[in-house]
């Protein structure tokens, strides 16, 4: 490899995902060029790229949690043979199998919401099992339980419990202001069926006008907006959260 390349690439090669991305990007360019010939140049297509098969001789390395490929050079007979086959798929197939990155507001992705409660390595461990947002973490906890998540993600149970405790705290998802009064929407995984939480802010009660499916809607006075609210779910479950858009609450011991 060229001496101008970073030492990591010279020693270990390129990350496997970047190799695949570079390969598919060049195929996309070829497809785009053929489309221009047909639509703009009015030239008939004489060929099309349908299937691509590659037998790649390379050395496979693990660097932290990433797989690297270093192509074999002349005389390096110990290299592995990696067989790749690419074929065409439809737009519907792409959308069906792609991750929905718009499922949750960026303010509530794991790192933004949990902060120091989760490290970069722990975030990658959760992402490997498909957990990228606070909502997904809470949903998986409800269906599988903490022990299963810890085993699949290979995270210590106590660290996972701390992260999930923070993830389950109430958070403000939307603030509506209109002539009929202000409304603050909170997600509240700790909400129990048939029981409304008691909410106070700025020394006064905040009316709860709706509660369903783990979400509560508050009707605060103008002087309470932006203030820190106390949310008492009962049975010792007590949290604080500022009544402002995008705010994530925190659990506290019941007073």
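The values are calculated or read from the model by the stated rules, or taken from the named source; none is laboratory data. From a predicted model like this one, the values you see are computed outputs, not experimental measurements. Note that we place each Cβ from the backbone using ideal geometry, even for glycine, and neighbour counts take in every protein chain shown.
Some observations on this one:
- In the range 197-206, the qualifying residues are those that are surrounded by 15 or more Cβ atoms within 10 Å (Cβ to Cβ) and not in a strand (DSSP E or B), and the one that is nearest to the chain's Cα centre (by Cα) is 197.
- If you go through the range 134-176 and keep only what is under 19 Å from residue 217 (Cα atoms) and free of Cβ contacts under 8 Å to residues at least 24 places away in the same chain, you end up with just 176.
- Of all residues in the range 212-249, those that are part of a strand (DSSP E or B), exposed (fewer than 15 other Cβ atoms within 10 Å of the Cβ) and in contact (Cβ under 8 Å) with a residue 12 or more places away in the chain total 1.
- Flag for residue 209 being without any contact (Cβ under 8 Å) to a residue 40 or more places away in the chain and in a strand (DSSP E or B): yes
- In the condition set (1) surrounded by 14 or more Cβ atoms within 10 Å (Cβ to Cβ); (2) modelled with pLDDT under 80; (3) in contact with a helix residue (DSSP H, G or I) (Cβ under 8 Å, 6 or more places away or on another chain), residue 105 is compliant with all but (3).
- Checking each residue in the range 25-55 for being touching a strand residue (DSSP E or B) at 6+ places or on another chain (Cβ under 7 Å) and modelled with pLDDT of 85 or more picks out 53, 54, 55.
- Any hit, the range 56-73, residues being assigned to a loop (DSSP other than H, G, I, E, B), modelled with pLDDT of 85 or more and more than 23 Å from residue 128 (Cβ to Cβ): yes
- Answer residue from the range 110-164, given it is in a loop (DSSP other than H, G, I, E, B) and under 10 Å from the mean Cα position of the chain (by Cα) and is surrounded by the fewest Cβ atoms within 10 Å (Cβ to Cβ) among those: 130
- Residue satisfying condition, being outside the structural domain of residue 126 (by TED's automatic domain parsing) and either farther than 28 Å from residue 110 by Cα or in contact with a helix residue (DSSP H, G or I) (Cβ under 7 Å, 6 or more places away or on another chain) (or both), within set 219, 239, 210: 219
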